[in-house]
Each structure stands twice: as structure tokens, then as C-alpha cells.
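Visitor: One structure follows; several queries about it will come next.
The values are calculated or read from the model by the stated rules, or taken from the named source; none is laboratory data. Predicted model, so just to flag it, every value in this text is computed and none were measured. All Cβ positions, glycine included, derive from the backbone under ideal geometry; neighbour counts span all protein chains shown. Heads up: the accessible areas ignore ligands, DNA and RNA and are worked out on the full protein's heavy atoms, side chains in. Shrake-Rupley method; radii C 1.70, N 1.55, O 1.52, S 1.80 Å.
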Amino acid sequence: MTNELVELISKQAARLGDREALRYRHYTTQEWVSLSWNEFKCLVDKEAKALYKAGLEVEGKVAIFTQNCPEILITHFAAYTLRGVAVPIYATSSKSEVAYIINDAHTEIIFVGDQRQYEVALEIANEGSVLKRIVCLNPVIEKKADDRVSITYEEFLAWGSDADEQAVEERKQSAHPKDLMCLIYTSGTTGEPKGVMLTHHNFNTTILAHNMRIQCLDEDTDLSMCFLPLSHIFELGWSIVCLHNGIRLALNYNPKEIQKAVKEVNPTCMCSVPRFWEKVYTAITNNIDNASPVVKLLFKRAIAVGKKREMKYKRLGKKVPMLLEKEYKYFDKKVFSRLRAAIGMENPKFFPTAGAMLSDNITEFLHAIGFNIVIGYGLSETTATVCFYPDTNWELGTIGTPLPGLKVKIGAENEILVKGPSVMKGYYNKPEETAKAIDKDGWFHTGDCGAINENGQVIITERLKDLFKTSNGKYIAPQVLETRLGQDLFIEQAVVIGDGRKFVSALIVPSIDALKAYAKKKHISYADTTELVNNKDIHNMMEQRIDEWQKDLAEYEKIKRFVLLPRPFSMETGELTNTLKIRRSVINKRYSKLINAIYDSAEKKNRS
């Protein structure tokens, strides 16, 4: 097997030429502009020459520290040309995280995207790290007076114009599938980050497996919104699959502007995390709740028809009865098409979703209105995808079936184990960690708990390390509760507490906008956000909603007490990872006084 990605852009340029490959916002005008396949290839070739002149060796590391932009992909493919290794870093990473990655990967060159990233990189370089060169992608970055290591992207490309083209081509031709392709640093919910070593062979086999499973993509009509950071293996892997199939990519620079970007671009596909779809769901249902009785009745009937068509027939690969199909087409024209247009996805086709649980209720709802939500599961260590929904006969509550070529089994403590050609080479500079993760028989231990049903579909239940036991000896899976609560219009984030405690409690970050609207409607006055979340009427309302979401749970599983927080958990405070996963240890420590107060007040109440 050859290195598919070394020649990918050249092959696509020869085949697709001046057709659009990438779409992105211009740095200064903020208008959407296009990059053709020919232009893409030209920039990859120019950057490869510049990297060669900069001294990039075989398996030399190139760090990329920026928001989503074309230069990320250009740099990846330029590095592959030279058998170099791309090291993507999350745009929001702290100085200590960036310094750790640069030093661990021994990276001498870094590409930065904005002023903060530039200043972080410059501080690291000035402190005597291995970093020797900074390439500034955004032309508005203001260089420091004492800066002797940075260069603009345009200057970097021009600097490499006289590099030895024959030597670059010889390096390219010597590429081997076993070459290290990228280092993906895990965001580390516990401990320091680990560099996941992924080879070209890992990606080659992953692309092949995806193409065997996904038959619906069309290079003439499809466009994927690149929404998640390209430093995230899910987005990187999905984007590479798209490029391999000639699918255009629209690169979203600012994650906070995704709703605006989607409406401007109108993508037909997009990989995302469940939180995006939870927000879509709550926005739609909130609008319907505020609609007239006639509209509510129409919508209720439309959803019932959509669910019946999708879940009883289309999902199972069965022909839809003529009358049901006729009724569905009516509602699709009158209701669903308008909803999709309002969201900005008029012609939705394929939407891979992973990273956490998405409730069955929301999945069913989104399919009913025309979104092909494809639930899946994967990790950096498995080159992203392990499982996802098949075209037909997928089941709610599962994460689908394994990719062709992958084996999945359930090990001790119900841990999901994976074996196959997409499993990583190991953790960079961490042989002991590698030995813990991949056993002597080649099975990668995911750290996730699950099961495999009688139809071969995998079910994920909980992160093994997240499971906790109450003082009464009952095991609690916090993510199950957190996923349920995430569906609520008034809840933005939730962290379930209870390890070693007598009952389950929660720290809840409410949707402040939703709370303010409710307070206005109920004539509740408040001076600031803190006073709002501590209002007794607000607390009672939230308690009723929380109770409703957990009414079918066992008594020991239910949240008995909770606190509303006035500010969200964030990456900047270290409470969330760069992939927006909860760092439970950080939250437990930071909010220990508040958590203890929850249980102390319960004890006092019991004694009285």
C-alpha cells in the first residue's frame, strides 16, 4: 500500500483542477473566498520547499497552533511530502500545554494563527526551548521589537523558492506507509498529555474502511463544514476522508460563529459533537413551545409522521407505504424544509456525531426532520472511528458496528477493546504508557465501558474512570445523567457528583439567556447573574425540570441536590479539556467547599 496522502493533493489537482477545494474567511475582509485544487497543490509544493530549506528531516516535527484555516491542511500535506510529522495544537491551549508539546515532540518550527498564539510561542522560544522558528499565518499579527525568530507566511513561502526541488521530490518518493504521519496530543482529563503516534498506514486503512461504508458522498454537490478544531482527530480524520473523495471543505475559523457560518455556507455534511445538535433541538422545541396552538398541533403531527417513516421503515431499509410517504412529503415541504433552512442546512445528507452521548430522543427527532445523524465512536488512538451506524438496521442506544478490518470485544470490567490496522503505533516517548494501553495480543484498551448486542452493534455505557460508587455501594454512571440533562433548554452544562457520598448531587451551569427570559416572564427581579441563579423560584423551577428528566431512574441514581453556578466551566480555567470533556478532578477540587456544603446541609437537615 502506498502513502495515499503524500500524493493526494497532486492527484486531485490533476483530476479536478480549478474546481473549489477549500472555502474560508479571508483574514482581513472576513468574506468567504475559495481555494481551488490547483492553488491548493501550488501552496503545498511551495511550503514543502520552504520546510525543506528550514531543515525539516524525515520524521521531523512541525507544530500547528491556530484556529481552523487553509494553512493547517497545507502544512499537513507539505509535511507529508517531506516525510515530516504534523503536530496540531489546540488553538485555545495554554502556554504550559504548548511548551510541553513543543519540548516533548522536539519541534523546531511552529505555525501560529493569531496574536495570542504568536506571543505564547515567542515566550516559549525566548525561554530557551527547542523552538527555533515561528511562522505567522495572520497578516495582522504585530511582531515584538525583540523578535528574532518569526517570519510571515508569505515570507516563509518566498524564502523556500530556491530550495532543491529534486531533493524534495526524492524525499517524497522515498515515503513509506510505516512513516509517522502525525502526533495527536490527547487533551488529558487526568495527567499530562500523551502524543498519539499515527502512521500513514493507520490513515490509509481508515480511509479505505470509510469508503467501504460511506457510499452517499458526491464530489459534485457535497460540501462539508469544518467545525471542530482540525487538532481534533475526529475533524482531521473526517476532513481527510472528504478530501480523498473530492468533497469541498468550508473551514470555520471562529467556533462561536458556527450558526452564522452554517447559514452562509449551507453544508450538506459536517462532523460534530452532540452539544451542537442538543442546541439545535432545544432551539427548535423552544420556538414551538412559544407558537400558537394550531402550529403546535401541526408540528406534533409532522414529527409523528417523520418518526414513523424514519424509524419504522427507512432505518430498517423497508419501503415506505405510499400514504405515509405522501403525508411525509407534505410535512417535509410545509414544516421540515423550513426548519432546515432556518438552521442553514437546506440539503442535509450525512452528519457523523461522536465524542459523547446523544440522547435517543434527540437522534430520533433529528432523523424525523431530515438530518441523517450518524452516531459513532472513536479515539485518537484508533485514528478516530471505531464504530458508526450502518446505512440500515442501526439501533438507537448503540454506536453502530465496527469499521471493516477492526475487531471489537468486551474485556474485564466491561471495557471496550479494539484491534486492527488503525490502532496507533503507541504514545510518543512513553513506552510504559503504551504497554498499559496495548496488551501483548495487540488489543487497545479504550478505557470505555460497553457491550455488544446480539446484532453485533456496540453499546457504550460510561468512561471506566468516570464510574463511581456511592457510600451505599451503588455504581453510578455520571455521563448518563449528564446527557439527559443536556437536552434541557435551561441547562448548559452539568457535572454529577457522588463518589463515596450517600447520594448523588450535581453542579449545574444553567443557560443564563433562558433563565433571564424565564425571570422576565415571571417578574423575578435580580441584580446580577449570581442573584439570579440563587433565586428560590428559579431553583424550584429547575428542580422540577431535573426531576422530570430522571423520573424513570432508580432512586439511588437520582440527583437529590444541586447547585446552580453563575458561570460556565471552561478550557481557560482548566475545567474542560480542549475537546470540551469535563476534567472531574479539577472541578471536584475547585468546587470542594461548595460540594461539601451540599452534603453538610443534608446531614444537618437529617439530624434536625
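Visitor: Please compute the net charge surrounding Cys242, taking Lys and Arg as +1 and Asp and Glu as -1 over other residues with Cβ under 13 Å from its Cβ.
Guide: -2
Visitor: In terms of modelled amide H atoms, which long-range or inter-chain residues lie less than 5 Å from the amide H of Arg583?
Guide: Leu576, Thr577
Visitor: Note the full-extension length gain between Tyr475 and Leu553 as 0.36 nm times their separation in residues minus their Cα-Cα distance, in nm to one decimal.
Guide: 26.8 nm
Visitor: Divide, for region 1-131, the radius of gyration over alpha carbons by 2.2 N^0.38 Å, where N is the residue count.
Guide: 1.11
Visitor: Suppose all protein chains stay in the model; what accessible area per residue would a 1.4 Å probe give for the chain, in Å²?
Guide: For the chain, the solvent-accessible area averages 45 Å² per residue.
Visitor: What is the dipole size for region 131-257, taken about its Cα centre, with +1 at each Lys and Arg Cβ and -1 at each Asp and Glu Cβ, in debye to the nearest 20? Don't jump to the answer; show the numbers that get you there.
Guide: Values: 12 positive and 18 negative charges, 115 e Å.
With Lys and Arg at +1 and Asp and Glu at -1, about 560 debye.
Visitor: If you add up the charges near Lys260, with Lys and Arg at +1 and Asp and Glu at -1, over every other residue whose beta carbon is less than 15 angstrom from its beta carbon, what do you get? Spell out each step's value before the answer.
Guide: Numbers: positive: Arg23, Arg25, Lys256, Lys263, Lys279; negative: Glu31, Glu257, Glu264.
With Lys, Arg at +1 and Asp, Glu at -1, the neighbours total +2.
Visitor: What's the magnitude of the charge dipole for the chain around its Cα centre, counting Lys and Arg as +1 and Asp and Glu as -1 at the beta-carbon? Answer in Debye, nearest 20.
Guide: Values: 81 positive and 77 negative charges, 512 e Å.
It comes to approximately 2460 debye.
Visitor: Of Ile476, Met322, Asn266, whose Cα points farthest to the positive end of the dipole of the chain (charges on the beta-carbon: +1 Lys, Arg; -1 Asp, Glu; origin at the Cα centre)?
Guide: Met322
Visitor: Which listed residue (Ser129, Ile141, Leu208) has the Cα farthest towards the positive end of the charge dipole for region 122-240, taking +1 on Lys and Arg C-beta and -1 on Asp and Glu C-beta about the Cα centre?
Guide: Farthest towards the positive pole: Ser129.
Visitor: Now a separate question. Based on Cβ point charges of +1 for Lys and Arg and -1 for Asp and Glu, what charge dipole magnitude is obtained for region 208-294 about its Cα centre, in debye rounded to the nearest 20?
Guide: I would put it at about 240 debye.
Visitor: Just subtract the alpha-carbon distance of Lys263 and Ala283 from 0.36 nm times their residue separation and send over the number in nm, one decimal.
Guide: So the extension gain works out to 5.7 nm.
Visitor: Taking region 461-529, how much of its Cα-Cα pair set, in percent, is spaced more than 16 angstrom apart?
Guide: Details: 1326 of 2346 pairs.
Percent of Cα pairs beyond 16 Å in region 461-529: 57.
Visitor: For region 232-336, would you read off the P(r) tail past 24 Å as a percentage of all alpha carbon pairs? Don't skip to the end; give the middle numbers.
Guide: Numbers: 2527 of 5460 pairs.
For region 232-336, the share of Cα pairs beyond 24 Å comes to 46 percent.
Visitor: Here is a further query. For Tyr185, list long-range residues whose amide hydrogen, built 1.01 Å from N in the peptide plane, is under 5 Å from its own amide hydrogen.
Guide: Placed amide hydrogens put Val196 under 5 Å from Tyr185.
Visitor: Given (i) 45, 27, 22; (ii) 40, 30, 25; (iii) 36, 31, 27 as candidate values of semi-axes √(5λ) of the Cα gyration tensor in Å, which corresponds to the one derived from the coordinates?
Guide: Working out semi-axes √(5λ) of the Cα gyration tensor in Å from the coordinates points to (ii).
Visitor: Simple spin-label model, 7 Å along Cα-to-Cβ: Asn414 to Ala514 in nm?
Guide: Simple spin-label model gives 2.8 nm for this pair.
Visitor: For His539 and Ala451, what does the FRET efficiency come to when R0 = 35 Å and r is the distance between their Cβ atoms, rounded to the nearest 0.05?
Guide: 0.40
Visitor: Suppose R0 equals 22 Å. What FRET efficiency, 1/(1 + (r/R0)^6) with r the Cβ-Cβ distance, do His176 and Lys11 give to the nearest 0.05?
Guide: It comes out at approximately 0.75.
Visitor: Could you tell me which of the pairs Lys11/Lys440; Lys95/Lys560; Lys11/Lys256; Lys143/Lys172; Lys474/Lys551; Lys334/Lys516 are separated by over 29 angstrom between their Cα atoms in the structure shown? Could the numbers behind the result be given before it?
Guide: Numbers: Lys11/Lys440 39 Å; Lys95/Lys560 39 Å; Lys11/Lys256 35 Å; Lys143/Lys172 34 Å; Lys474/Lys551 18 Å; Lys334/Lys516 32 Å.
In this structure, Lys11/Lys440; Lys95/Lys560; Lys11/Lys256; Lys143/Lys172; Lys334/Lys516 exceed 29 Å between Cα atoms.
Visitor: In the structure displayed, which of Lys521/Lys605; Lys49/Lys178; Lys260/Lys520 lie more than 30 Å apart, Cα to Cα?
Guide: Pairs exceeding 30 Å: Lys521/Lys605.
Visitor: Sticking with this structure for a sec: Roughly how many percent of the accessible protein surface of region 491-543 is carbon and sulfur, given a 1.4 Å probe and a whole-percent answer?
Guide: Result for region 491-543: 45 percent of the exposed heavy-atom area is carbon or sulfur.
Visitor: Principal axes first, then extents: for the Cα atoms of region 134-187, list largest minus smallest coordinate on each axis, whole Å, largest first.
Guide: 43, 39, 18
Visitor: Taking amide hydrogens as modeled 1.01 Å from N in the peptide plane, which residues meet the under 5 Å criterion relative to Ala21, leaving out close sequence neighbours?
Guide: Amide H neighbours of Ala21, under 5 Å, 5+ apart: Leu35, Ser36, Trp37.
Visitor: Here's a follow-up. By how many nm would the segment from Glu603 to Val149 lengthen if fully extended, with 0.36 nm per residue of separation less the alpha-carbon distance?
Guide: My answer for the length gained is 157.4 nm.
Visitor: If you don't mind, there's one more thing I want to ask. Any idea what log10 I(q)/I(0) is at q = 0.17 Å⁻¹ for region 374-428, Debye with uniform C-alpha scatterers and no solvent?
Guide: Those come out to -0.56, one per q.
Visitor: Now for a separate question. Given a cut-off of under 8 Å on Cα pairs at least six residues apart, what relative contact order in percent is computed for the chain? Show your work: numbers first, answer last.
Guide: Working: 1085 pairs, mean separation 63.6, N = 608.
Averaging sequence separation for qualifying contacts and normalising by length gives 10 percent for the chain.
Visitor: I would also like to ask the following. According to a simple spin-label model (label point 7 Å from Cα along Cα-to-Cβ), what is the distance in nm between Ala291 and Glu325?
Guide: Taking the two extended label points, one gets 2.6 nm.
Visitor: Determine the sum of side-chain charges near Glu154: Lys and Arg each +1, Asp and Glu each -1, restricted to other residues whose C-beta is under 12 angstrom from that of Glu154.
Guide: Around Glu154, the charge tally is -2.
Visitor: Per 10 Å bin from zero, what fraction in whole % of the C-alpha pairs of region 504-608 is there, up to the bin with the longest pair?
Guide: Answer for region 504-608: a P(r) of 13, 37, 39, 11, 0 percent.
Visitor: Continuing with the same structure: Label Cys42 and Leu464 with points 7 Å out from Cα along Cα→Cβ: what is the distance between them in nm?
Guide: With each label point 7 Å from Cα toward Cβ, the separation is 5.2 nm.
Visitor: Each residue of region 218-231 in order: what ³J(HN,Hα) in whole Hz does its phi give by Karplus 6.51 cos²θ - 1.76 cosθ + 1.60, θ = phi - 60°, with x for Gly and Pro?
Guide: Once rounded to whole Hz, the list reads 9, 5, 7, 10, 8, 9, 9, 7, 8, 9, 5, x, 6, 7.
Visitor: Which of the aspartates and glutamates could be linked to Lys263 by a straight reach, that is with a Cα gap under 13 Å, when you skip same-chain ones fewer than 8 residues away?
Guide: Of all the aspartates and glutamates, those that pass the test against Lys263 - Cα under 13 Å, at least 8 places apart if same chain - are Glu346.
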